[in-house]
Structures are given as structure tokens and as C-alpha cells.
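Input: a single structure, listed below in C-alpha cells.
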Amino acid sequence: MIGNRITHRTADGVRVPGTWRHAFIRNGGHYFLTDLFVYADGLIDCWGLVTVEEFEEKLRTGWVATSLPEGGEASAHELADWKFGEPESWITPELLVAEVRDTIDQLNGRPDSTGRCLAAVDVFLADRTEENRAAAREAFLAVPETRRRYALGDMDSKDWPLRVLVAGPGGRTYLPFDGTVTQEDYDGALGYFEERARWRAERSTRVPADGPVTPHAPAVQLHHTYRTEPVADPGTIGLRHDYPAPITVGGVDHPSVAHAYWTLSVADPGARDALAAAQTASAARTLAAGAPRREGWEHARTAVMTALLRAKYDQHPELAEVLLATDDATLVYDDVDSAFWGDNAGRGRNWSGRLLELVRSELHARRAGIPGA
């Protein structure tokens with residue numbers, strides 16, 4: 001149920017993750033198509049926050065509707081009004097509650113009903129007693145019927161191996177059209193799980209050809225600083241654009257990357273000397289804000305910043321070592337004045353951090369002697 005529908009609410013200053021799905025709410029005989037929000041703390045918003053138990057009561061009374069009457073009046077807010085004609089619903093109150101409970105487990109990183117089912121199946125495969133089969137069957141049937149087909153994540157076999165395995169030879173699955181499970185069916189299901197176990201074992205030891213998807217080093221936060229003089233051992237403070245590490249670009253000296261960036265941003269050549277000589281990076285920003293921008297600057301600024309960062313770390317090897325020491329960490333750059341350059345608590349685009357990671361990769365490649373870096 002989570003999918004890509006990620007949201008959150010704030011409770012007592014704490015961010016509570018959540019997700020949502022469509023649902024009908026019946027109010028005074030009218031049906032409203034709306035969003036049903038489910039949160040990790042176990043609260044559900046169905047036109048008001050309720051617990052799971054209160055949500056079950058909302059379903060029992062029909063406030064959250066799973067059956068839709070012929071001719072019933074419905075609407076989607078500010079989109080359309082209509083009447084139901086030959087309505088057909090695929091979900092029951094019991095299924096919806098089960099899906100909501102699964103969603104709360106997923107939001108908390110706990111095994112949901114599918115996870116518990118697959119764990120019970122593993123127990124049975126390791127010790128094939130009828131008691132363990134019965135436990136696996138019970139766990140399988142506890143998976144909402146709408147989710148059973150996807151339990152194995154196999155769009156070809158669907159849940160066929162599962163329902164045959166837990167039924168056993170001579171047994172019946174939950175689907176009436178399956179018929180009695182034959183020994184051949186059962187052996188086929190066992191073979192499927194044996195092959196699946198081999199595939200999972202190989203996958204767990206497989207090293208990605210192009211390296212890990214996510215960094216193994218913890219993220220590094222590059223907080224605001226107001227340094228006006230360099231220090232002997234700046235640490236990651238030295239990675240800030242406003243850190244006083246002078247660079248020479250195009251024959252012009254600049255007190256910092258930030259000075260150079262703002263100097264190059266303005267259209268008036270006469271204003272550039274004042275910007276390059278500004279006492280602080282903040283002062284340079286203020287001066288630049290009052291001057292017209294170069295034409296097309298918004299499209300060129302990331303290329304300009306990349307060139308300035310390359311200059312900084314070429315001209316300051318000691319700071320290049322600081323950057324290299326961050327390994328493959330995500331670099332989270334704070335910039336209260338720019339949601340473009342800063343991460344700003346997840347609200348910005350973090351281009352400063354991303355370009356620092358690019359230059360760091362180039363430094364690593366150069367050190368390793370990789371051609372083209």
C-alpha cells in the first residue's frame with residue numbers, strides 16, 4: 001500500500017511518516033471520493049484522526065464505505081459529481097483493515113503479514129512437519145487476499161507455489177478453481193522454493209558490477225560558518241564555499257569560492273572589482289544581489305560552480321585531502337539563502353553538496369590513475 005505515495009504529518013514537533021490510498025466516505029447519504037491517510041504511529045485520517053480500533057468502527061458504521069449502492073450519489077472534491085451505476089467493489093471492511101495494519105507495519109520497518117508468511121514458510125521448508133505446514137498455511141491466509149498474489153514478488157508464478165505448498169498433496173488451496181493438489185504440483189512447488197533459495201543466496205553474495213547504490217560512509221553535514229580567516233586544521237569547515245581559501249580564476253584573485261561565484265554572476269564588469277574585494281562572502285552576496293545578473297546565468301551557474309570547486313581543490317591540496325577523507329559520504333550543504341544550493345533540512349536541492357561529491361570523485365579518480373578524470 002505504501003508504494004510511492006509518501007507523506008507525513010507533524011506531531012509535537014516530530015515528523016510522522018505516512019502514506020495514503022483512495023477511499024469513499026459516506027456522509028449523510030452522499031459518497032465522497034477522498035484520500036485515506038495512514039501514519040506510522042497507528043493513526044488513520046478519514047476526515048479526522050482515529051486509531052485502528054476506531055477506524056474499524058468507522059467501517060462498521062459505513063462512514064468509510066466499501067460497498068457502494070446502485071444510484072448512490074457521489075462526488076470528488078471540485079472535480080465531478082455522479083451516481084453509481086452497476087457498482088462493483090473489490091474490497092471488504094476486513095480486507096481494508098488488514099491492509100491498513102500491514103501498512104503501519106511497513107511504515108515502521110516491521111514484517112507485515114506477507115513477511116510473517118514467508119518466515120513461516122521458511123520454517124516449514126527447514127522442518128517439513130504437518131504442524132509447521134499448518135502454521136505456514138495460517139500465516140498465508142492471514143495475508144489480505146488482495147496482496148497474496150504479490151507475496152513472492154513473482155509476476156509470472158504469482159502465489160501458485162505458495163498456495164500449493166501450504167495446501168500439501170491431496171489438499172485444496174483457497175482458490176476453488178485450483179482443484180486438489182497433486183503430488184506433481186507439490187513437487188513443482190518444492191522445486192520452485194529450492195530454486196528461489198539458491199537465487200536468494202547468490203543475490204546476497206553478489207557484488208554489484210558498478211559498486212554500491214548507496215554510500216557506506218555516514219552523511220556529512222556542512223553547517224553554516226562565518227570564518228573570515230583560515231585556520232590550521234579547518235576540518236569539514238574548509239569545504240564550505242565561503243571558507244577563506246583564496247583562488248585565482250582567469251588571472252583574478254578571489255578570497256573564496258563564494259567571492260568568485262558572485263563576482264562572475266554579475267553583468268557589469270565595473271562591479272566585479274568591488275565584489276572580488278568584498279570583506280566577506282556574505283558582503284559579496286549582498287553586493288551581487290543589487291546588481292543585474294549575466295544573461296543566462298541560471299543555466300550556467302552549476303558549470304561555473306563546478307569549475308570554481310575544481311580550482312579550489314587544485315590550488316589547496318590540504319583541503320582536497322579533507323574532501324577525500326569524506327570517502328563516499330553524502331554531503332549535505334546548508335544554505336539559508338538558497339534552496340538551490342542548500343539542502344536546508346530536505347527542502348532544498350543541495351547542488352553544493354552534489355557538486356562537491358562530483359569533484360571528490362574526480363580527485364579519487366585522479367589519485368587512482370584512472371584515465372579521463
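Of the residues Ile104, Ala311, Val336, the one whose Cα sits farthest toward the positive end of the charge dipole of the chain, with +1 on the Cβ of Lys and Arg and -1 on the Cβ of Asp and Glu, is Ala311. Loop-located trypsin sites (Lys or Arg not before Pro) in the stretch 192-292 (DSSP state other than H, G, I, E, B) with a sparse environment of at most 16 neighbouring Cβ atoms within 10 Å: Arg206. Look at the dipole of the chain built from charges on Cβ: of Ala120, Ala142, Met155, the Cα furthest out on the positive end belongs to Met155. The magnitude of the dipole of the chain, with charges of +1 and -1 set on the Cβ of Lys/Arg and Asp/Glu and taken from the Cα centre, is near 800 debye. For the stretch 175-184, putting each phi into the Karplus relation 6.51 cos²θ - 1.76 cosθ + 1.60 with θ = phi - 60° gives couplings of 9, x, 7, 5, x, 6, 6, 8, 4, 5 Hz, in residue order, rounded to whole numbers and with x for Gly and Pro. Over the chain, the pair-distance histogram of Cα-Cα distances with 10 Å bins from zero comes to 4, 16, 18, 16, 17, 15, 10, 4, 1, 0 percent, rounded to whole numbers. Of all segments of the chain bounded by GluC sites (Glu not before Pro) found in a DSSP loop with no more than 15 other C-beta atoms within 10 Å, the longest spans 89-294.
Taken along its principal axes, the alpha carbon cloud of the stretch 220-366 reaches lengths of 41, 32, 28 Å, longest axis first. Among Thr248, Thr173, Thr146, determine the one that fluctuates most according to a GNM of the chain built with springs between C-alpha atoms less than 10 Å apart. Evaluated over the chain, the most mobile residue of the options is Thr248. Taking the Cβ-Cβ separation of Ser338 and Ala307 as r and a Förster radius of 25 Å, what is the calculated FRET efficiency to the nearest 0.05? Result of the calculation: an efficiency of 0.85.
Label-to-label distance, Thr225 versus Glu138, with points set 7 angstrom from Cα along the beta-carbon direction: 6.1 nm. Most mobile of Arg360, Arg147, Arg347 per a Gaussian network model of the chain (Cα springs, under 10 Å)? Residue with maximal mean-square fluctuation among Arg360, Arg147, Arg347: Arg347.
DSSP bridge analysis restricted to the chain gives an antiparallel fraction near 85%, rounded to the nearest 5. Here the calculated FRET efficiency for His216 and Arg196, from their Cβ-Cβ distance with R0 = 22 Å, stands at 0.20, rounded to the nearest 0.05. Spacing of the modelled spin labels on Val14 and Phe177, each 7 Å from Cα toward Cβ, amounts to 4.8 nm. Restricting the chymotrypsin sites (Phe, Trp or Tyr not before Pro) of the stretch 125-179 to loop positions (DSSP other than H, G, I, E, B) with no more than 15 neighbouring Cβ atoms within 10 Å leaves Tyr150, Tyr174. Computed over the chain with a Gaussian network model linking Cα atoms closer than 10 Å, the most mobile of Gly270, Gly179, Gly168 is Gly270.
Comparing Ala245, Asn132, Ala365 along the charge dipole axis of the chain, the residue lying farthest to the positive side is Ala245, per the Cβ-charge model. About its Cα centre, the stretch 113-204 has a charge dipole of approximately 340 debye under the convention of +1 per Lys or Arg Cβ and -1 per Asp or Glu Cβ, with nothing else charged.
Quick note: the coordinates plus some simple rules give every number you see, no bench work behind them. All of these numbers come straight from a predicted model, not from anything done at the bench. With ideal geometry, Cβ positions are generated from the backbone for all residues, glycine too; neighbour counts draw on all protein chains shown.
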